[in-house]
Each structure stands twice: as C-alpha cells, then as structure tokens.
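*Asks:* Attaching a single structure in structure tokens format; questions to follow.
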Amino acid sequence: MQVNEMEIIPVAHREPPLRNSWGAHSEVAARTIVRLTTADGEVGIGETYGDEQVIAGLESARSHVEGMNPYEYRRLRYNVGDDMVYGAIETALLDLIGRIVGEPVYNLLGGKMRESVDFSAYLFYKYADSDFESAAIAPQEVMSPEAMVEEAREFVDSHGFETLKLKGGVLEPDQEIATLQQLAEEFGRDTPMRIDPNGAWTVGTATRIARELRERDLRIEFLEDPVVSMNAHARLKRNIDYPIATNMYVTEFDHIAPAVTTEAVDIILSDHHYWGGLTGNLRLDHTARTFDLGVGMHSNSHLGVSMAAMAHIGAAMPTVRYACDSHYPWMAEDVIKSPIEFEDGAIAPSDEPGLGVELDEDALQQMHKRYQEEDVLAYSSVDSMAAEYADAMADRTDWLPNKPIW
Ligand SMILES: O=C([O-])C(=O)C[C@H](O)[C@@H](O)C(=O)[O-]
C-alpha cells in the first residue's frame, strides 16, 4: 500500500467581515485541501490554513508523502518538521486509513470518549455583509450590545448552542461588559460565557473587568487571552480568580513548561491544525492532564473537512471539558457534499469510514478557480482596523501600531 499522489488544492471561500482586535476578516479567504490517492485509487482528505507558507511547506513535504506507506505516519512526523504542514497530511492519512480498514477516524485514535462534541456559539461583532443575500447567518452589522443579543439569539435558535463565546477586543471594554450582561439577561444567568479580546487589554484593564464581571455575578467560564503575553497572564492571574485560557501564548509543546512554571494559564485551547495533527492533539491532551490543565478547542475560519476532523478529535480526547469553538456556522459555502449540522449545539463524529465526508468536486473546483483568480488573503486584513482607529492611535502612544490596547 502506498500513497501515489498528494494534491494540494488552495481554495477561496467567502466569509463575513467578522471583527477582532486586529481588524476585520476579509470577505474572501483561503484554505487548503490536501487529497492523497493510493495506487488502488483509495482517497484521503485533509484541510488546513491557506497561507502561502503552509502551501510551500506542503509542497516541500511532497517527496516524503508520495511513495510512503500510509500506516507509517510517525516517521513522516519526523521528516516534516512543521506541525501545521504535518497536521494537514496526517488528517488526510487517517482519513485514507479509515476508508481502507472501514473504521471511523475516532476509532483509529483509540475510540470515542463521548458520543458528541459540544460547541459554543462563536459570537463576533461584525460589519454588515456585502453579500447580504447569501450570508449564512446574521448578515447585518453587529457593533453594539443590543445587536449582539440578536445575533446570539439567531445562533442559539438555529444551532442549539448552550455556551456563548464573545470575541472581544473590538468595542471599549465597558461596552463588551455590557454585551455580556445583556446576553446573560437574554439567555439566563446560568448560561456559560467566555470573552476573548485576543490580548487587547492591559493587565490593569483585565483586572478591573474581571472584578466587575464577578460583581455582576455572570457565569464566566474563563477569560481567553485577555492580555498580551505569557508573563502578562502570570501577572494577571495574581489579581483575579477566573481561569485563563489561551490559544495565543501556548501553541506548541515547548510553551507548556513556561506556562506551568509561571502559572500563567489554566486551559489550553487545542487545535489539530497546529498542534501536530489529530495524534498531536491526543499528546497535548495527555500532557495537559499531567499538569492538571484544562483543555478546550480553538478554531479559525474553516470548512467542512476540518469540521469533521474537529468532531473526531473532540470525541477522542479524554480531557476536553469545555464546549469547543468553531467558525463553521458563519460559512455560507463548503467543499463537502453534505454540510455538517449541529444538533443541540453538538456534533457527533461520523460513524462512516475515515472522516465520513466527501468532497463536492464542482464546489472544490469553483473555489479553487476563485483562489487562482482573486487576490485572496490567507485570513484577515488589518486595514479596516488601522483606518478605524487612526485618530485614536495618534493620541494613544501605548496602543500597538495596528491594534488597540485598552
Ligand atoms: O480564539 C480564536 O478563535 C482566535 O483567537 C482565532 C481567530 O482567528 C479569531 O480571532 C478570528 O477568527 O478572528
């Protein structure tokens, strides 16, 4: 058994202008689909980021992949140094092996620890979609607490989410506290919530916010990346009693030792795209348990192949204690034949062999063509941010050049 061909297929997908502390997502963004084919015509697929470096990394891994025995992926891990490149190929290899042996990927990872994986409603402030008609959800502008409550209502009613994640670092911190307050009033004070300003607050601001949230008695599960570095999180943790989660400062195994010794974080947000694939995530889960750290799951804009992989690994990791993140509800188009549905805010991994999803060849080719024809950003643009804050930045010398620090 050997892999004969590795196809690297960059695709451009449309997405809404979601806001974060750097700017707004560009309305066309890139992902990469990896398709492996064996001499017998068996196929395995994976999905990853669409950055040029990832594509170049995949290209340079080609000589290790074409001709390899798909079962020997551990050796590949050492031949391909980059975790993100390896992760995409490993996902495709596990899909391939699953199809060959007739087992779902979760069984190749040691079996399910849970029948389905809970996801949170991933709420973004956003600009109005220019493609209002075909938007998947909430096409209108959402730049106030009231508008956010409407967006959250649409999310919860259409997908059944029970946990709310608010992407913060966009409005003034007091406005974001007001948003959490209004969400709690709308959905009940017991609704688990998190806020993630992607490091846009100072330790002082984050301390004040944490105290205020406590006084308001909101059910905040954790603060996610509230401040700007590992050390800043360690300082913040001396002031507050909320757990801190991160997907920004602990993103590889080498970061775990400093995170533990400085006591900077409580929860690592895993991601099979950059923690060395699905098996890398199992290693992360084990390591986190060793240090009594919690595990959740981070997301970035992604399509259905990644959604399927997230459901398999989310079901197989013993330690996942928190509802996982996914941008999938925001995506108005996909490369797979039958888009995956959330049921009561959760996704059960497919019991079909492999990941259990099939590429829609027409959609794939159309999105690939768009990638070739349009000037596609890998993921998000900071332009709108710089313009929006230009005046304020002139007065605030403590702001980063393209990002506010409140
Ligand atoms: O928590 C997260 O999902 C992230 O920090 C990564 C994403 O890139 C998020 O910031 C986004 O999509 O704007």
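Only the coordinates and a few stated rules stand behind these numbers; no lab work does. A quick note: this is a predicted structure, and the numbers were derived from the prediction, not measured. Neighbour counts are summed over all protein chains in view; Cβ atoms, including those assigned to glycine, are modelled from backbone coordinates with ideal geometry.
*Asks:* Running Debye on the range 225-337 with equal point scatterers at the Cα sites and no solvent, what base-10 log of I(q)/I(0) appears at q = 0.15, 0.16 Å⁻¹?
*Replies:* At q = 0.15, 0.16 Å⁻¹ the computed log10 ratios are -0.64, -0.72.
*Asks:* If you don't mind, another one. Which angle between 0 and 90 degrees, to the nearest 10, do you get for helix 83-101 versus the longest principal axis of the chain when only C-alpha atoms count?
*Replies:* 50
*Asks:* Related question: What residues qualify as long-range amide H neighbours of Y125, i.e. H under 5 Å apart, gap of 5 or more or another chain, H built at 1.01 Å from N?
*Replies:* Under 5 Å from the amide H of Y125 lie the amide H atoms of R19, K167, each far enough along the sequence or on another chain.
*Asks:* With angles folded into 0 to 90 degrees, how steeply does helix 145-159 sit against the dominant principal axis of the chain? Use alpha carbons for both and round to 10.
*Replies:* That works out to roughly 30 degrees.
*Asks:* List the residues, sorted by chain then number, that are 5 or more residues from N300 or on another chain and whose placed amide H is less than 5 Å from its amide H.
*Replies:* H327
*Asks:* Something else now. If you plug each phi of the range 221-230 into the Karplus form 6.51 cos²θ - 1.76 cosθ + 1.60 with θ = phi - 60°, what whole-Hz ³J(HN,Hα) values come out, in order, with x for Gly and Pro?
*Replies:* Here the 3J(HN,Hα) series is 6, 6, 9, 9, 6, x, 10, 8, 7, 4 Hz.
*Asks:* Helix 277-290: angle to the longest alpha-carbon principal axis of the chain, degrees 0 to 90, nearest 10?
*Replies:* 50
*Asks:* Between D131 and E52, what length comes free when the chain is fully extended (0.36 nm per residue of separation minus the Cα-Cα distance, one decimal in nm)? Numbers along the way, then the final one.
*Replies:* Numbers: separation 79, 0.36 × 79 = 28.44 nm, distance 2.64 nm.
Taking 0.36 nm per residue and subtracting the Cα distance, the gain is 25.8 nm.
*Asks:* Just the Kirkwood number for the chain, please: inverse of mean 1/r across all distinct Cα pairs, in Å, one decimal. The partial results should precede the final answer.
*Replies:* Values: mean 1/r = 0.0463 Å⁻¹.
That comes to 21.6 Å for the chain.
*Asks:* Please compute the modelled spin-label separation between D241 and H368, points set 7 Å along Cα→Cβ, answer in nm with one decimal.
*Replies:* Output for this residue pair reads 5.7 nm.
*Asks:* Oh, and also: Per 0.36 nm of contour for each residue apart, how much would the distance between R153 and Q2 grow if the chain were fully extended, relative to their Cα-Cα spacing? Write down the numbers at each step before the final one.
*Replies:* Numbers: separation 151, 0.36 × 151 = 54.36 nm, distance 4.91 nm.
Using 0.36 nm per residue and subtracting the Cα-Cα distance, I get 49.5 nm.
*Asks:* Can you tell me what share of the DSSP beta bridges in the chain is antiparallel? A percent to the nearest 5 is fine.
*Replies:* 55
*Asks:* Still on this structure, I have one more. So for the range 117-355, considering every pair of alpha-carbon atoms, how many percent are separated by more than 31 Å?
*Replies:* Values: 5990 of 28441 pairs.
Of all Cα-Cα pairs in the range 117-355, 21 percent lie more than 31 Å apart.
*Asks:* Rank by packing, highest mean first: peptides 112-118, 237-243, 84-90, with packing defined as the count of other Cβ atoms within 10 Å averaged across residues. Please list the in-between numbers first.
*Replies:* Details: 112-118: 17.3, 237-243: 15.4, 84-90: 26.9.
Ranking the peptides 112-118, 237-243, 84-90 by packing returns 84-90, 112-118, 237-243.
*Asks:* Between G294 and residues 5 or more places away or on another chain, which pairs have amide H atoms under 5 Å apart, with H built 1.01 Å from N, and which residues are they?
*Replies:* Placed amide hydrogens put I267, I268 under 5 Å from G294.
*Asks:* Follow-up. Among the listed pairs K112/K167; K167/K337; K126/K369; K165/K237, which are separated by more than 25 Å between their Cα atoms?
*Replies:* On the way: K112/K167 30 Å; K167/K337 30 Å; K126/K369 27 Å; K165/K237 21 Å.
Beyond 25 Å between Cα atoms: K112/K167; K167/K337; K126/K369.
*Asks:* Next question. Once you treat every alpha carbon in the range 63-196 as an equal point and sum by Debye, what is log10 I(q)/I(0) at q = 0.14, 0.18 Å⁻¹?
*Replies:* Taken in order of the listed q values, log10 I(q)/I(0) reads -0.80, -0.91.
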